Each structure stands twice: as structure tokens, then as C-alpha cells.
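Working notes, structure below.
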Amino acid sequence: MKVVATLILSSCLGLATGFAPAAPAFRTKTSLNVETTTRAPVFDEVCETTGVTLKRFMTEVAMLNPELQEITTLFGAIETACKAITNLVKRSQLPSSETLGYEGNINVQGEDQKKLDVITNDLLKRALRFTGKLGVLASEEEDAPVGIASSDNKEILIEDGERYVAVFDPLDGSSNVDAGIPTGTIIGIYEHDESCEVDPACVGEECTEEEARCLANTLQPGTNLVAAAYCLYSSSTFLVLTLGSGTYGFTLDDNLGEFVLSHPDMKIPESSSIMSFNEANTHMWDAPLQEVVQGWKEGTGKSGTTFSSRYVGSMVGDVHRTLLYGGVFGYPGDTKNPNGKLRLLYEGAPMSFIMEQAGGVSTTGTERVMEINPSQVHQRVPVIMGSK
């Protein structure tokens, strides 16, 4: 043990400066909806062996900005959940795995729930619940928003004094797991309205109106997001996050068991020749979109560049590639699904937040995704995002 410790110490004495990004100010909102700017850490000295871990990143964010202390606690839970989910995904195809197959239930979108959907949903709920910082959450696998205390049933409960609301898709692209295609987790965090109060004397339907008012905390536009993140389970496990000023990417080091900063202050290339659409639906798109995509294919578009097509069918995987290599990802509306298939609250808005903070754009084709105020938890929205 002494030899190992000495080796690690000696390698840390050689400090790398490659992870020293510029120091942007994080944009946050108080409970009174007043915008404030907070300071981001600058890592001018980095251990060559361990790099900048997510824990160190969040610790330094909290030291510089005490008001973000509770956010760092939530990201500790998200980090743990992503590590657990990546292990579940890796083992999901083993004959002995209890995650194989379907649960036998249909979620509110009318989709068959895989056992892995249910397990990852419960895992993420519990991880966030035990932080003590969360009041309400909404998930793709839940019929309605649930109070974080109601872990064993569908009854909606509200906890007073909790600061945040979390929305998430626990396993995006789960239908692809059997084929070994990348999957991911998407998370958005909003502030919880601290004025939300439920009369403890109310019973049953008497509480409905008050509960509905409180649970409307989840129905916020993307512009109100405090933070957003996704985990990608692929050749490596990636965690990409934003706190409102810049996008940062971490990669799981299996030897250390830690997420290490690998993509500081990510910026999407301003131009590219990659498009990512389900082109089997081309005949159902509206004429202007068909014309634009055809122009990209033929090189007759505004840029004069001939595009190539790359489409995984898992939003997290396609968006991650788009962030790194540039281009356009989209799941537009069509005659079969006029509002597209992606959910606004826990897919479209959080991923748009991450994309915009990396210098990209995200639109429905007619309006900015981040500015749409959802009217229901599972509302769908057309999404086209990528390089400017």
C-alpha cells in the first residue's frame, strides 16, 4: 500500500494544465426568480493520475458558490445512480440477469416497459430521494409527478422545505439494449416553489386542487432549468452536465471508480456535414423540411456541403455525437406524430439546455424548445438541434 501511495503521490507532483478552462460565471435563479451569476472553478493544477474528478469539480463549485451546495449533493446522487445503471446495462444480457425481458406493464406513453426501465427508474428515484434535497419528481415511467417520499406507492405526496424538482428519463433508448446500442439517462433540475403548501388536514379529493398547484412545479419551461445532465452508457460511460454557463463532460474511470473531467467547457463545432434523422419517416415530413434535408444530401443547401447520415436511434447517443462532431440531430413532427415523439419536459428541454450551453441551437422548427411552457408532464415536442 505504501508503494502504491508513493507512486500516486509522485505522479501527482507533475501537474498538468490541460484541463484549465476559462472561468465562466454560472447563471442561476433564486426562488424569487432573480438571476444571479456565480463563479466557476479554474483547474490550473491537475493531478496527472486522477485528473479532475466530478467530486472535486462540484466541491470547488460549492466552495466558490455556497448557494449551490445543495445542487452538489444532488449531483453526488446522480453520479452514484449512473455508476449503478451502467453496471446494470453491462450485465443485462447475461442469462442469469434479472433485468432481461419485459415487465408486462405499459407506461403512460403506451410503450411496453422493460424490466430494466422499471429497475433504473426506481434506482434513480431512491438515489435522489435520499439526498433530502428534492420535493417532487417526474419520470417517463411514472403516470404523474410523484412526491419523493412516496417510494412504495403511486400516491402523490408533497414534502415541505425541499428546494428542487427533478425530471428524468431513466433509460433513454432502452429498446436498443438487447442489440448493444448506446443508451442513456437524461436529468433536468428545477427550483421547487417554496411557497407550495398543502394543508395536512385535507383528505383524498379535498387535496387535489392544492396538490395540482404544487405539482405544477414540474411544468416549467426549460428557461427555468437550474441544471441538466445526461449519462451515456456506451464504449465508455460519460456524464455531461451544465449548471447554466458552459457544458462539461466527464468519463468514468473504471480503475478509480470516479468520473473524471475529460471535456472541459465543451463547444459544438459551428459547422459540420453530419445529419442525424430517422429518414424512414421522410415521406411523412412537411415539404419545407423534406426540401432542406434533400439539399443537405445533394450538397445544394445553403452551406454547399454534402451531408452524410449517422443515426443511432437513441437520443443521448445521437446528441452526444452531435456535440462532439457537430451537425444536426432531429426528431421532427410528421403526419403520424405531429408533435414528434420526444418528451418536452425530461428529454427535449434538458438536452436543449446542454446543447445551447455548448454553443448550439435547439428548435421545434418554429420556436425555441427552451421557451415552451409544458401543459402536461408527458407532452411531446418536435426537436431539431445542433450546430448554428
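Details
- Pairs linking a residue in the stretch 70-97 that is over 26 Å from Thr242 (Cβ atoms) to a residue that is crowded, with 17+ Cβ neighbours inside 10 Å, with Cβ atoms under 7 Å and 6 or more positions apart or on different chains, are Ser92/Thr99; Ser92/Leu116; Ser92/Val177.
- Here Ser314 clears all of (1) in contact with a Gly (Cβ under 6 Å, 6 or more places away or on another chain); (2) modelled with pLDDT under 95; (3) open to solvent by 10 Å² or more (accessible area, probe 1.4 Å) except the condition numbered (3).
- Flag if Ser234 is under 16 Å from the mean Cα position of the chain (by Cα), surrounded by fewer than 22 Cβ atoms within 10 Å (Cβ to Cβ) and not hydrophobic (A, V, I, L, M, F, W, C): yes
Every residue, every condition in (1) more than 22 Å from Val369 (Cα to Cα); (2) surrounded by 14 or more Cβ atoms within 10 Å (Cβ to Cβ); (3) of a type outside the set (A, V, I, L, M, F, W, C); (4) modelled with pLDDT under 95, yes or no:
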position	(1), (2), (3), (4)
Thr218	no, yes, yes, yes
Val226	no, yes, no, yes
Met275	no, yes, no, no
Gln290	no, no, yes, no
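- Failed criterion for Lys302 (all others in (1) touching a residue at least 24 places away in the same chain (Cβ under 8 Å); (2) more than 13 Å from the chain's Cα centre (by Cα) hold): (1)
- Within the set Pro264, Pro269, the sole residue that is of a type outside the set (Asp, Glu) and not in a loop (DSSP other than H, G, I, E, B) turns out to be Pro264.
- Strands (runs of 3 or more DSSP E) wholly inside the stretch 303-388 containing at least 1 residues that are at positive phi and of a type outside the set (D, E, K, R): 383-386
The values are calculated or read from the model by the stated rules, or taken from the named source; none is laboratory data. As the structure is a prediction and not an experimental result, all values here were calculated from the model. FYI the Cβ positions are ideal-geometry reconstructions off the backbone, even for glycines, and counts take in every protein chain you see. Note: accessible area is taken over every heavy atom of the protein model, side chains too, but ligands, DNA and RNA are not part of it. Shrake-Rupley method; radii C 1.70, N 1.55, O 1.52, S 1.80 Å.
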